[in-house]
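These notes are about the structure you will find just below.
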Amino acid sequence: VEAHFSGGPLSGKHVLVTSGPTHEPIDPVRYIANRSSGAQGTALAAALRDLGARVTFVTGPADVPPPAGVTVVRVETAREMLAATQAALPADAAVMAAAVADWRVDNASGSKIKKDGSGKAPALEFAENPDILATVSKGASRPSLVVGFAAETDDVTAHAAAKRVRKGCDWIVANDVAPATGIMGGSENAVTLITDTGTEDWPRLSKEETARRLAGRIAEYLV
Ligand code: CTP
Ligand code: CA
């Protein structure tokens, strides 16, 4: 069931949002993951919905529930997230807010790994996961606007600007996740929006307000 205002600036537009972490199994009871509550992606999907968009929300196992009034596709791993994302195309815009695990466990076990009494830990082998943002940015059904996120420390804007070019997306929403900022895991965000024309530092705002501003910018772009 999709509820969207017929009069909103994004009515008739389809926007894809990825959100939350991915979980990469080690065995049936253990996994590796990035820290991500899913709060910023969820707020963004809600803000896009409120502007009238039809939203497909591809989410890993997040702490917060998905918004009402959007099409929710639940996934576990990065490879599942890529497949669900590609299946949701075409879209007018795609926003990749997910904290995708960069690596999966290549030698994941189908049965629970048991301690063998030797005191030695099992050797895990890792393989790099596909880059969903880069794949969509460089793919055949590329949305006209592709937006990535970049959680960085140190020289945040330079790292994020390089990432925008490397991945081939149009915009990057960068934030400083150094522990001193208190951003990571909190209810507020302070982002820098990097586009092809420049860099804007936004003030520290609630994740909902950050989402509303970003949704507004997406709507301006897509008119
Ligand atoms: N991303 C993605 N697929 C991946 C990794 C990242 O789609 N396998 C997306 C994220 O959703 C985000 C953007 O790419 O929108 C940047 O993620 P980030 O982890 O900062 O980029 P990486 O290229 O993985 O660089 P780093 O080595 O700094 O983690
Ligand atoms: Ca990464």
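The table for this structure:
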| item | result |
| --- | --- |
| Relative contact order [Cα under 8 Å, 6+ residues apart], the chain, whole percent | 20 percent |
| Nonlocal amide H pairs with residue 73, under 5 Å, H built at 1.01 Å | 57, 58, 59 |
| Nearest-ten-degree value, helix 78-88 long axis tilted from longest Cα axis of the chain | 30 degrees |
| Under Karplus coefficients 6.51, -1.76 and 1.60, residue-wise ³J(HN,Hα) of the stretch 62-77 in Hz, glycine/proline x | 8, 6, 9, x, x, x, 6, x, 10, 8, 9, 10, 8, 10, 10, 9 |
| Among 102, 155, 116: highest mean-square fluctuation, GNM of the chain, C-alpha pairs under 10 Å | 116 |
| Around residue 186: net Lys/Arg minus Asp/Glu count, Cβ-Cβ under 15 Å | -2 |
| Amide proton proximity set for residue 139, modelled H, under 5 Å, gap of 5+ | none |
| Share, in percent, of DSSP beta bridges within the chain that are antiparallel, nearest 5 | 40 percent |
| Distance between the stretch 194-223 and the stretch 101-158 - C-alpha centres, whole angstrom | 27 Å |
| Where Cα atoms sit under 28 Å apart: lysine pairs in the chain separated by 8 or more or lying on different chains | 9 |
| Candidates 136, 165, 100, ranked by Gaussian network fluctuation over the chain, Cα under 10 Å, top entry | 165 |
| GNM flexibility winner over the chain from 141, 111, 187 (Cα, springs under 10 Å) | 111 |
| Integer Hz, Karplus 6.51/-1.76/1.60 couplings in order for the stretch 162-177, x for Gly and Pro | 5, 5, 4, 5, 4, 8, x, 8, 7, 10, 10, 9, 9, 9, 8, 9 |
| Lys, Arg +1 and Asp, Glu -1 on Cβ, resulting dipole of the stretch 1-64 about Cα centre, debye, nearest 20 | 160 debye |
| Computed magnitude of the charge dipole of the chain (debye, nearest 20; Cβ of K, R +1, Cβ of D, E -1) | 440 debye |
| Positive minus negative residues near residue 157 (Lys, Arg vs Asp, Glu; Cβ under 14 Å) | -4 |
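Read the figures in this text as sums done on the coordinates, not as results from a lab. Here the structure is a predicted model, which means the values were calculated and not measured. Don't worry about glycine lacking a Cβ; one is built from the backbone with ideal geometry, like all the others, and counts go over all protein chains shown.
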